[in-house]
Amino acid sequence: FQQTFAESNATGLQFKAFAEQYTGMDFTDFFEQWYFGEGYPTYSVKFNPVGSELNLLISQTTSRPTVTPFFTNPIDLRISRSGGLGDTIVRVNITGAETQTVLSGMDYVTVVAAIDPTNYIINKIGTISKDTNLSVESLSGSSANELILYPNPTLGNLTVQFEGAPRIIRVIDQFGKIQMEQTVVANETIDVSQLPGGQYLIELQDNQSKVTNRSVIKR
């Protein structure tokens, strides 16, 4: 970038094009919200640990809702766990004013200790509260919208169980980059063996643009 624009000026859109070409990521939403938009988000979190799963509901309000109704950048959460596991930082992809997700492999969670613990983005913090009524069923709204992934963790094959019409599935890494995107039918098995080991966010989008999120671990 410095070599290309040495001794000259670059516009914001030129920087966007360069960043997209270099990283392979789409920064359209980021620029629409943070460059052309106005304001900042205030995040609140409700959580409920159930066994080895952590149910999360992340909501946001914005300071200029008529200009930027919500921000879709990922947000980090610091999660405290007992049993000598200490704190864990997880990154959750934000899809709208409310984002629902279930994180797997999260044993012994005691509390969501902080939102954006390293001050990664400009924001305000609302409330963090435990809600024992929060569950997969309450987040999804109905069992027909439920998304089940198995086996989780997986070594390669991942079965995507849901009901209804074909949907778009995205596999997103911890940096927010889409590693896979394809259309799947109910109970289809996809191959993620080519992905490096780690935790990924699975997004399933229906034909009305409703997105359901789950977390999966690739061994």
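Where a number appears in this text, it was derived from the coordinates with a stated rule and is not lab data. Keep in mind the model is a prediction, meaning the values are calculated, not measured. Ideal geometry is used to build each Cβ from the backbone, glycine not excepted, and the neighbour counts take in all protein chains shown.
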field: Distance in nm between pseudo-label sites at residue 4 and residue 125 (7 Å out along the Cβ direction from Cα)
entry: 3.7 nm
- request: Only helical DSSP H runs with n ≥ 4 go in: add -39500 (n - 2.57) per run for the chain, normalise by residue count and round the 222 nm mean residue ellipticity to 500 deg cm²/dmol.
  value: -2000 deg cm²/dmol
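Once you charge only the Cβ atoms, +1 for Lys and Arg and -1 for Asp and Glu, what is the size of the charge dipole of the chain about its Cα centre, to the nearest 20 debye?
380 debye
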Whole-Hz ³J(HN,Hα) from phi, Karplus 6.51 cos²θ - 1.76 cosθ + 1.60, for region 75-81, glycine and proline x: 10, 8, 10, 9, 10, 8, 10
- line: FRET efficiency (residue 111, residue 61; Cβ distance; R0 25 Å; to 0.05) is 0.65
- request: Using a/c under 1.5 as the rounded threshold, could you call region 1-155 rounded, prolate or oblate? The axes a ≥ b ≥ c are square roots of the C-alpha gyration tensor eigenvalues, and prolate needs a/b larger than b/c, oblate otherwise.
  value: prolate
task: Could you go through region 205-214 in sequence order and give the Karplus-derived ³J(HN,Hα) for each residue, using 6.51 cos²θ - 1.76 cosθ + 1.60 with θ = phi - 60°, rounded to whole Hz, and x for Gly and Pro?
output: 10, 8, 6, 9, 6, 6, 10, 10, 10, 9
task: If a/c stays under 1.5 just call it rounded; otherwise compare a/b with b/c (prolate if a/b is bigger, oblate if not). Do that for region 1-78, with a ≥ b ≥ c from the square roots of the Cα gyration tensor eigenvalues.
output: oblate
- request: Out of all DSSP beta bridges with both ends in the chain, state the antiparallel percent to the nearest 5.
  value: 90 percent
task: Would you kindly derive the ³J(HN,Hα) couplings of region 88-95 from the backbone phi angles with the Karplus curve 6.51 cos²θ - 1.76 cosθ + 1.60 (θ = phi - 60°), listing them in order in whole Hz, with x for Gly and Pro?
output: 10, 9, 10, 10, 10, 6, 9, 10
